[in-house]
Amino acid sequence: MMNVSKNSLTPILHEALGDVANLSDYINSKRIAHACQLLRQQPQMNIDTIALESGFSTPRNFRRCFKSQTGMSPAEYRESQLDS
């Protein structure tokens, strides 16, 4: 849409946002932040639905990325938020 490649955009993001490895990592961090919000605010929402609502192509990819960024699964995160 912007006629800019990911490789061209990454240095711009790095300069503007700081420690961003690449565009995909930045986008995934925003998706995970949105998913965390849904997990806290919508405890009845199915985790697979949250994955899709957060922009992930598959629930499996969402779970992998979520655990990589937070150190816990989406279900563990939700449980930890319910206990607080």
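The values are calculated or read from the model by the stated rules, or taken from the named source; none is laboratory data. For clarity, every value in this text was computed on a predicted model and none was experimentally measured. Positions of Cβ are generated from backbone atoms using ideal geometry, with glycine treated the same way; all protein chains shown enter the neighbour counts. Each accessible area value is taken on the protein alone, full model and side chains, heavy atoms only, with ligands, DNA and RNA left out. Shrake-Rupley method; radii C 1.70, N 1.55, O 1.52, S 1.80 Å.
Numbers for the structure displayed
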quantity	calculated
Fraction of accessible area attributable to carbon and sulfur, the stretch 30-84 (%, probe 1.4 Å)	47 percent
Accessible area per residue, Å², the stretch 9-84 with all protein chains present, probe 1.4 Å	63 Å²
Lys, Arg +1 and Asp, Glu -1 on Cβ, resulting dipole of the stretch 33-84 about Cα centre, debye, nearest 20	180 debye
Contact order normalised by residue count of the stretch 1-67, Cα under 8 Å, 6+ apart, percent	21 percent
Charge dipole magnitude, Cβ of K and R +1, D and E -1 - the stretch 1-74, Cα centre, debye nearest 20	240 debye
Farthest toward positive dipole pole in the stretch 33-80 [+1 Lys/Arg, -1 Asp/Glu at C-beta], among 39, 49, 62	62
Whole-Hz ³J(HN,Hα) from phi, Karplus 6.51 cos²θ - 1.76 cosθ + 1.60, for the stretch 54-62, glycine and proline x	8, x, 7, 6, 9, x, 4, 4, 4
